[in-house]
Amino acid sequence: MRKALGILGVLMVFWSILACESKLREVQKSVYAEFTPSGDADSIHVKYTDSGRIKSVLESPKMLDYATVKYPYTEFPKGVRVTLYDNKGVPTFVTAKYAVSFKDTDLFDLQGSVKISNTAGQVFETEQLYFDQKNEWFFTERRYKFTDPKGVSYGEGVDFSKDLKIINSQRVSGALDKTE
């Protein structure tokens, strides 16, 4: 009788271990499914238009779309190259090694060797930069370098328009020639 109870006890422990492992696998599957991209694309080239005009062109070697999660976003794990156009068709070029676009807030988080340049010869460089797509406005609290044909300046914390015409710096050092 003791032997039968011992075997029964071992079987019950074994059964409960299997049941717990099964539950653990279910939890792992649900967590994994939540962060599995609903879309996955290689070598994308997307043109955004408004009233027949190209407003921007986004290029990336890899895009992962997480449209089904609670806070949907699109990730560009291998970087982005974006060309923004003003109303006259003048381009501004943006590159970053990594980017995330948050759908609910229209914010674009650019990270890793972020560089913005334009046809006027201005270049802005930093490690992380946000772009408010709705207001077409960039901002960061990080250190940056701004090169202009008139000189170079360094700073920490800045916000500016997408065409680099309006720049609001917080802490700046360097020299720019003010003569025109």
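Of note:
- Any hit, segment 103-122, residues being on the phi < 0 side of the Ramachandran plot, within 18 Å of the chain's Cα centre (by Cα), hydroxyl-bearing (Ser, Thr, Tyr) and surrounded by fewer than 17 Cβ atoms within 10 Å (Cβ to Cβ): yes
- From the list Val123, Val114, Val152, Val100, the one residue that fits, being under 14 Å from Val172 (Cβ atoms), out of contact with any His (no Cβ under 9 Å at 6 or more places or on another chain) and of a type in the set (A, V, I, L, M), is Val152.
Computed from the coordinates by the stated procedures, all read-outs in this text should not be read as laboratory data. Source: prediction; values computed, not measured. Heads up, the Cβs are rebuilt from the backbone with ideal geometry, glycines too, and the neighbour counts pull from every protein chain shown.
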